[in-house]
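Nothing in this text is a laboratory measurement; each read-out follows from the coordinates by a stated rule. These numbers come from a predicted model, not from an experiment. Reconstructed Cβ throughout: ideal geometry from the backbone, glycine too, with neighbour counts over all protein chains shown.
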Amino acid sequence: MKKRFVVMALDGTQSDFFGLILCGVLFIGGSIVGSVTAGLLQDGDMLQRYVAAFLDTYKNAPQVNFFAALFSTVKYHLAAVFLGLSILGPLLIPVLSAVRGFFLSFSVTAVMRCLGVKGIGFTLSLFGIPAIVSIPCFFILSALAFSSSLYLLRMIRAQGARSLTPPFCGRLFVSCGACFILLVALAVADAYLISRLVSHTASHITF
């Protein structure tokens, strides 16, 4: 049964939708694991040191560095796109989604566990505002990359059969272009506005 399901996924025309669902499920799974891990971590002192170091990073007035903000914003998205050019993408892109969910959830839960309500403003400014743009773009690009890597895999399985419909169409390039425009705008906001907001909220937090 599992084998037939995998073959249907490889040969179907709804690979974008399948990739979106798979990445979404693993993102949620990674988020749950990250939250549980941070919540059940027994070494409270280690967790406090982690959060304290995290806060110290943002307490000082940030220097405007657009390229650092850009890399921080698009690193997971670029990883998904590059994996979309590989036949390993169907395996690694969902794993990347799980990793993204784990680290995001772990960081949020760790901050909230140590700071409680005092960490709400810091958490929202550091994670919440960027996530409004970053997470949807990540899912869109991951789904498109998943579809692209499935096409490459099908090409190898079909020994280059020309009957396969390539996913490299105008819709793909428009979607990718729109996502990266939004991500560049987010990086600009991060470098010149969000980083200052994060620094302001962090400077008012004490253990």
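A simple spin-label model places pseudo-atoms 7 Å from Cα toward Cβ; at residue 85 and residue 32 they are separated by 3.5 nm. Computed over the stretch 20-203, the quotient of the alpha carbon radius of gyration and 2.2 N^0.38 Å is 1.17.
Tally Lys/Arg at +1 and Asp/Glu at -1 over every other residue whose Cβ is under 15 Å from the Cβ of residue 93; what's the total?
Combined, the nearby Lys, Arg, Asp and Glu give +1.
Suppose R0 equals 22 Å. What FRET efficiency, 1/(1 + (r/R0)^6) with r the Cβ-Cβ distance, do residue 46 and residue 124 give to the nearest 0.05? Efficiency for this residue pair is about 0.30.
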